2 protein chains.
Amino acid sequence: MSTAALVLAAGRGERLGAGLPKALVSLAGVPLVVRAVEAIAAVPEIERVVPVVPPGELARFAALLSGVAGAHKLAPPVEGGRERQDSVRAGLASLADDTAWVAVHDAARALVRGADVSRVIAAARRHGAALLAVPLRDTMKRVRDGRVLETPPRAECWAAQTPQVFAARLLREALAKADAEGFLATDDAQLVERLGAPVAVVEGEVGNLKITTPEDLAAAEVLLRARGERAA
Amino acid sequence: MSTAALVLAAGRGERLGAGLPKALVSLAGVPLVVRAVEAIAAVPEIERVVPVVPPGELARFAALLSGVAGAHKLAPPVEGGRERQDSVRAGLASLADDTAWVAVHDAARALVRGADVSRVIAAARRHGAALLAVPLRDTMKRVRDGRVLETPPRAECWAAQTPQVFAARLLREALAKADAEGFLATDDAQLVERLGAPVAVVEGEVGNLKITTPEDLAAAEVLLRARGERAA
């Protein structure tokens, strides 16, 4: 009954404008993918970490990751694809058959905390599927054709984060259904929701942000400094 | 047929931790409320700008704002209240009877651009009500009792910003209805939506962020620097 994590690092990073895959962009001197892999590998419940990297980048990522903390849990990188589901599919295919639980994490959420990962794994083991999320700060509008369709109560509106953790069998089934139907989701839990299976929500931290723009990188640097100061 | 703007600056700013009203926190040396009032006063369509300030803070804000660019459009500050609707109500009550259009703006969105304000005013004049919003980057979950209820299509999920612009009569009617029913909204457009009136959505910019935390402040400084570099 082992637990594995896919760290999705196949994004191209155009919005960070660094001219290299997003996961290789440095945050305070350390590439995002290294931070993310080390954070995930440090979680006691996770036994195996599979980096899913851009096509053609296996060698570069393998070299970069060879020296990370927790390298004994690290599997060789796997080539991802253009769509998120392509990467998840490739990562799942690489896992041993006895993998019971799969955590899917974005390398761009490089500041995730181990305690939050443990909490979402525990919730998945109870409910079959669980994700980290934070309450939305802005009011959310559902918009169609340039008009407000609906304003859901803000208390019900949460921004999904990763990791999202699933019973491996459930995620495989959900992905196969989506593939068969040509459905592309913006997160992995959505695939499981489409099966009608329950997905638990675990409140995470705003600091587990997805680093996508130079402003995100600046905000992440402030968060890192604040953590360092608290630790000192 | 004049157009007025309420700049809501009554927030207490606990999350910025500066021990002073949020609107007085400095961004690159200039208080948020000064930046917001100057940005709004620079919009040609806006003839009158009413700062709505924390109770007991009229004198301090009046002194601070006396020297802003565009001061000829500035009305004396008005005391707001505990809830957003208290502040909007107070601001509306201060407006001249011939005010046809009202823009409501958060002082914490100090980086709003004039061109975006003009576009949302134009949309309101066509449709009766309009707001700035940006597409959500994260997947949004509707959550109830710790479970995912629904994942609306991400393309339909937008984060509301300000300014939100209304026919003055419509906003007054919407506020009166909400007050009568004890309904508290998280944004002003929601009050108008409850009347069944259409609200147009104008795509704004991610840079028009609501500055609420130290990380937001850091991100805002990066945005300001980037604007300065582009302008230079």
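The values are calculated or read from the model by the stated rules, or taken from the named source; none is laboratory data. If you're wondering where the values come from, they're calculated on a predicted model, not measured in any experiment. When we count neighbours, we look across all protein chains shown, and the Cβ atoms used for this are built from the backbone with ideal geometry, even at glycine.
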* Could you tell me whether A:R60 is among the basic types (K, R), under 22 Å from A:G182 (Cα atoms) and surrounded by 12 or more Cβ atoms within 10 Å (Cβ to Cβ)? => no
* Structure fact -> B:A180 passes all but one of the listed conditions (1) more than 7 Å from chain A (Cβ to nearest Cβ); (2) in a loop (DSSP other than H, G, I, E, B); the exception is number (2)
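Listed here are the residues, each with its yes/no results for (1) touching a Lys or Arg at 6+ places or on another chain (Cβ under 9 Å); (2) in contact (Cβ under 8 Å) with a residue 60 or more places away in the chain; (3) more than 17 Å from B:V102 (Cβ to Cβ).
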| residue | (1), (2), (3) |
| --- | --- |
| B:L8 | yes, yes, no |
| B:L16 | yes, yes, yes |
| B:P44 | no, yes, no |
| B:R48 | yes, no, no |
| B:A69 | no, no, yes |
* Identify the single condition in (1) assigned to a helix (DSSP H, G or I); (2) closer than 26 Å to A:G114 by Cβ; (3) in contact (Cβ under 8 Å) with a residue 60 or more places away in the chain that A:E205 does not satisfy, given that it satisfies every other one. => (1)
* Considering every residue within segment B:94-107, establish whether at least one is in contact with a Gly (Cβ under 7 Å, 6 or more places away or on another chain) and either touching a residue at least 60 places away in the same chain (Cβ under 8 Å) or surrounded by fewer than 20 Cβ atoms within 10 Å (Cβ to Cβ) (or both). => no
* Of all residues in segment B:142-170 being within 20 Å of A:V143 (Cβ to Cβ) and in a helix (DSSP H, G or I), the one that is farthest from the other protein chains (Cβ to nearest Cβ) -> B:L170
* To do: Would you confirm whether any residue within segment B:185-200 is free of Cβ contacts under 8 Å to residues at least 24 places away in the same chain and more than 11 Å from every other protein chain (Cβ to nearest Cβ)?
  => yes
* Taking A:E83, is it within 18 Å of the chain's Cα centre (by Cα), touching a residue at least 24 places away in the same chain (Cβ under 8 Å), surrounded by fewer than 16 Cβ atoms within 10 Å (Cβ to Cβ) and farther than 20 Å from A:R113 by Cβ? -> yes
* Can B:A122 be described as within 30 Å of B:R227 (Cα to Cα) and more than 19 Å from the chain's Cα centre (by Cα)? -> no
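Yes/no matrix, rows are residues, columns are (1) out of contact with any Phe, Trp or Tyr (no Cβ under 6 Å at 6 or more places or on another chain); (2) acidic (D, E); (3) closer than 23 Å to B:D187 by Cβ:
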| position | (1), (2), (3) |
| --- | --- |
| B:V34 | yes, no, no |
| B:A42 | yes, no, no |
| B:V53 | no, no, yes |
| B:G56 | yes, no, no |
| B:S87 | yes, no, yes |
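Conditions (1) under 24 Å from A:S87 (Cα atoms); (2) of a type outside the set (A, V, I, L, M, F, W, C); (3) within 21 Å of the chain's Cα centre (by Cα); (4) modelled with pLDDT under 95, marked per residue:
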| position | (1), (2), (3), (4) |
| --- | --- |
| A:P135 | no, yes, yes, no |
| A:D138 | no, yes, no, yes |
| A:R144 | no, yes, no, no |
| A:V148 | no, no, no, no |
| A:W158 | no, no, yes, no |
| A:R169 | yes, yes, yes, no |
| A:A180 | yes, no, no, no |
| A:L191 | yes, no, yes, no |
| A:G196 | yes, yes, no, no |
* When you go through B:A123, B:A155, B:A110 one by one, which is the residue that is touching a strand residue (DSSP E or B) at 6+ places or on another chain (Cβ under 7 Å) and within 24 Å of B:P198 (Cα to Cα)? -> B:A123
* Would you mind listing the helices (runs of 4 or more DSSP H) fully within segment A:1-112 where at least 2 residues are within 21 Å of A:A160 (Cβ to Cβ)? => A:32-41, A:84-93
